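Novice: Once you've had a glance at the structure underneath, I'll fire off some questions.
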Amino acid sequence: MKKIAIMGHGVVGSGVAEVFFKNYENIKRKVRDDAEIKYILDLRDFPSLPYSDKFTKNFDDILNDPEISLVVETMGGLEPAYTFVKKCLLSKKSVVTSNKELVAEKGAELLAIAKDSNVKFLFEASVGGGIPIIRPLSQCLAANDILEINGILNGTTNYILTNMVKESVDFDCALRQAQSLGYAERDPSADILGLDASRKICILASIAYGKHVYPKCVFAQGINQISLADLEYAKLAGGSVKLIASAKLLDSGKIAVETSPAFIPYSNPLSSVDDVFNAVHVRGNNVGDVTFIGRGAGKLPTASAVMSDVIEALARPDYDPMLSWNDSGSDFIIPHESISHRFYLRLTSSDFSRLDTIIKNSEKIAQSKTEVALISAQTSYSELSKISSLLADAKITVASAFRVLE
Ligand code: HSE
């Protein structure tokens, strides 16, 4: 009999319990043994649940119980999740987590502790919710150099951008709708400023390149400055705008990592991934292009990914998931200023006479007396900043600027 514990009975934790009981026979067959949830850690009481007897408020009940071989962490946030997970791994208990912040900030350290303790630290649910991406990237695509990863990794922002276009509403209105439907948090800043998606690309890039990419090393530009006009110009130019988290291997052997809005032409499958769906495009040097699409958040899709890790850890305790990366500083990541793209720009002014001498070789999407939307030639972020100063001198305001995903 395998005995497990769940820490945190919020949306994801309660989903894990639901999936465990609903699919119990299937899980038992795959684990090839009986399994039981012995404890659920939560500070709240849930007296009406059929499994209310399993709740504890005391983490030590789990830590000190030698029958518990695996702990699921679905509390979210860095603390106390980090302290609890570290103690579990040091006590030779495997840990399965959905916590992207924990993995993005502490992954290298926790993987090393798990290795030393000869237990598992698994986190399929931390990126893309129910989409299988951690295991495909680390195992199925192991024979590839990963040339590029581009992902729609945040459901809230994808819902907001989709809804702005569908309902012809501005950002604030679409955000309020996302909040009323329960997609966006009351404080949605981690989603809309791109921090949540950045944590997720850090995890994918760390797997792909074997070195810990920390969130503080990733340039993040959110979607809070995107206007309905930008989305309409994008449509006119034959594409859509999505918040894209990217990691790219450069000829120098270094990588470029960023999270920012991007104009995506309709020829790219990511352009039509709408609503709360997530998608990850991976380019390998042997496999070519592979795209994963599915539900990136939500109770049961995320619990599905958590339980896949639980089943793997219980069924194959000696199986090496090939998940590891080193703590290697940040020299392998190029500074954001030197990342180069074509850029979408929306400019406002009453006098555009100097525009073409400042921005050369651009493709105009639309031009009126007071507004121009264009796509620039290949330009680095540092050159873009110089161009913005020259435009300001010419009394041309940059109302919007974001990259084009080629
Ligand atoms: N806030 C996240 C999102 C939840 O909107 O995608 C899933 O990580």
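Novice: Among the residues of the range 253-272 satisfying the criterion of being out of contact with any helix residue (DSSP H, G or I) (no Cβ under 7 Å at 6 or more places or on another chain) and of a type in the set (A, V, I, L, M), which is nearest to the ligand (Cβ to nearest atom)?
Specialist: Leu270
Novice: Taking the range 243-291 as the region of interest, how many residues are of a type in the set (D, E, K, R) and exposed (fewer than 13 other Cβ atoms within 10 Å of the Cβ)? Don't jump to the end; show me each part of the working.
Specialist: Step one: list which residues in the range 243-291 are of a type in the set (D, E, K, R), which gives 248, 251, 254, 258, 274-275, 283, 289.
After this cut, where a residue has to be exposed (fewer than 13 other Cβ atoms within 10 Å of the Cβ) as well, the list is 251, 289.
Total meeting the criteria: 2.
Novice: Which of the helices (runs of 4 or more DSSP H) contained wholly in the range 149-211 include at least 3 residues that are in the same structural domain as Lys242 (by TED's automatic domain parsing) and within 9 Å of the ligand (Cβ to nearest atom)?
Specialist: The helices (runs of 4 or more DSSP H) meeting that bar are 155-167, 195-209.
Matching residues to (1) touching a residue at least 40 places away in the same chain (Cβ under 8 Å); (2) among the hydrophobic types (A, V, I, L, M, F, W, C); (3) within 16 Å of the ligand (Cβ to nearest atom):
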position	(1), (2), (3)
Arg32	yes, no, no
Lys54	no, no, no
Ser69	yes, no, no
Gly77	no, no, yes
Tyr82	no, no, no
Val95	no, yes, no
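Novice: Same structure, new question: Taking Met307 and the conditions (1) within 26 Å of Ala104 (Cα to Cα); (2) surrounded by fewer than 20 Cβ atoms within 10 Å (Cβ to Cβ); (3) away from the ligand (no atom under 16 Å from the Cβ), which numbered condition does it fall short on, given that it satisfies the others?
Specialist: Only one criterion is unmet by Met307, namely (2).
Novice: Also, I was wondering about something else. (1) among the aromatic types (Phe, Trp, Tyr); (2) modelled with pLDDT of 95 or more; (3) more than 18 Å from the chain's Cα centre (by Cα): which one isn't true of Phe277, the others all being true?
Specialist: Just one mismatch for Phe277, condition (3).
Novice: Determine, yes or no, whether Ser117 is among the polar types (S, T, N, Q), outside the structural domain of His281 (by TED's automatic domain parsing) and more than 11 Å from the ligand (Cβ to nearest atom).
Specialist: On the way: among the polar types (S, T, N, Q): yes; outside the structural domain of His281 (by TED's automatic domain parsing): yes; more than 11 Å from the ligand (Cβ to nearest atom): yes.
Yes, satisfied.
Novice: Would you check which residues across the range 310-362 are part of a strand (DSSP E or B) and either of a type in the set (A, V, I, L, M, F, W, C) or in contact with a Ser or Thr (Cβ under 6 Å, 6 or more places away or on another chain) (or both) and list them?
Specialist: Hits for the range 310-362 are Ile333, Ser340, Phe343, Leu345, Arg346, Leu347, Thr348.
Novice: Report, by residue number, each residue of the range 128-148 that is surrounded by fewer than 24 Cβ atoms within 10 Å (Cβ to Cβ) and either within 16 Å of the ligand (Cβ to nearest atom) or within 19 Å of Thr259 (Cβ to Cβ) (or both). Steps first, please.
Specialist: Taking the range 128-148 and keeping what is surrounded by fewer than 24 Cβ atoms within 10 Å (Cβ to Cβ), we get 130, 132, 135-136, 138-148.
Scanning the range 128-148 gives Gly130, Pro132, Ile146, Leu147, Glu148.
Novice: I've got another one for you. Among the residues in the range 330-350, are any acidic (Asp, Glu) and surrounded by 14 or more Cβ atoms within 10 Å (Cβ to Cβ)?
Specialist: No, the range 330-350 contains no residue that is acidic (Asp, Glu) and surrounded by 14 or more Cβ atoms within 10 Å (Cβ to Cβ).
Novice: Restricting the first residue to the range 1-19 and requiring it to be more than 22 Å from Asp34 (Cβ to Cβ), which pairs with a second residue that is acidic (Asp, Glu) and not in a strand (DSSP E or B) meet a Cβ separation below 6 Å and a spacing of at least six or different chains?
Specialist: If the second residue must be acidic (Asp, Glu) and not in a strand (DSSP E or B), the pairs left are His9/Asp42.
Novice: When you go through Ala315, Ala297 one by one, which is the residue that is surrounded by 20 or more Cβ atoms within 10 Å (Cβ to Cβ), touching a residue at least 24 places away in the same chain (Cβ under 8 Å) and either under 23 Å from the mean Cα position of the chain (by Cα) or under 30 Å from Lys28 (Cβ atoms) (or both)? Spell out how you get there, then give the answer.
Specialist: Working: Ala315 fails: surrounded by 20 or more Cβ atoms within 10 Å (Cβ to Cβ).
When all the criteria are applied, what remains is Ala297.
Novice: Also: If you go through the range 150-163 one residue at a time, do you hit one that is surrounded by fewer than 23 Cβ atoms within 10 Å (Cβ to Cβ) and within 30 Å of Arg316 (Cα to Cα)?
Specialist: no
Novice: Further question on the same structure: Report the residue count in the range 366-406 for those that are under 19 Å from Ser260 (Cβ atoms) and not polar (S, T, N, Q). Before the answer, list the steps.
Specialist: At the first step, the residues of the range 366-406 found to be under 19 Å from Ser260 (Cβ atoms) are 373-388, 398-406.
Among the residues that remain, those that are also not polar (S, T, N, Q) are: 373-375, 377, 381, 383-384, 386-387, 398-399, 401-406.
The number of residues fulfilling the criteria is 17.
Novice: Of all residues in the range 212-225 being under 14 Å from Thr157 (Cβ atoms) and away from the ligand (no atom under 16 Å from the Cβ), which is surrounded by the fewest Cβ atoms within 10 Å (Cβ to Cβ)?
Specialist: Gln225
Novice: Scan the range 45-54 and tell me whether some residue there is outside any loop (DSSP other than H, G, I, E, B), surrounded by 15 or more Cβ atoms within 10 Å (Cβ to Cβ) and modelled with pLDDT of 95 or more.
Specialist: If we filter the range 45-54 for residues that are outside any loop (DSSP other than H, G, I, E, B), which is where we start, we get 52-54.
Filter once more, so that each one left must be surrounded by 15 or more Cβ atoms within 10 Å (Cβ to Cβ): 54.
Checking the rest, the ones that are also modelled with pLDDT of 95 or more come to 54.
Taking every residue of the range 45-54 in turn, at least one turns out to be outside any loop (DSSP other than H, G, I, E, B), surrounded by 15 or more Cβ atoms within 10 Å (Cβ to Cβ) and modelled with pLDDT of 95 or more.
Novice: Out of Asp65, Asp61, which single residue is assigned to a helix (DSSP H, G or I) and either in the same structural domain as Ser98 (by TED's automatic domain parsing) or closer than 20 Å to Ala305 by Cβ (or both)? Explain how you work it out, then say what you get.
Specialist: Details: Asp65 fails: assigned to a helix (DSSP H, G or I).
Among Asp65, Asp61, only Asp61 is assigned to a helix (DSSP H, G or I) and either in the same structural domain as Ser98 (by TED's automatic domain parsing) or closer than 20 Å to Ala305 by Cβ (or both).
Novice: When you look at Pro321, is it surrounded by 17 or more Cβ atoms within 10 Å (Cβ to Cβ), over 20 Å from Val16 (Cβ atoms) and touching a Leu at 6+ places or on another chain (Cβ under 8 Å), yes or no? Quick ask: steps written out before the conclusion?
Specialist: On the way: surrounded by 17 or more Cβ atoms within 10 Å (Cβ to Cβ): yes; over 20 Å from Val16 (Cβ atoms): no; touching a Leu at 6+ places or on another chain (Cβ under 8 Å): yes.
So Pro321 does not fit the description; no.
Novice: Does the range 100-123 hold any residues that are surrounded by fewer than 24 Cβ atoms within 10 Å (Cβ to Cβ), in contact with a strand residue (DSSP E or B) (Cβ under 9 Å, 6 or more places away or on another chain) and not in a helix (DSSP H, G or I), and which are they?
Specialist: Residue satisfying the conditions is Val119 alone.
The values are calculated or read from the model by the stated rules, or taken from the named source; none is laboratory data. Because the structure is predicted, anything quoted here is derived from the model rather than measured. Backbone-built Cβ (ideal geometry, glycine too); neighbour counts: all protein chains shown.
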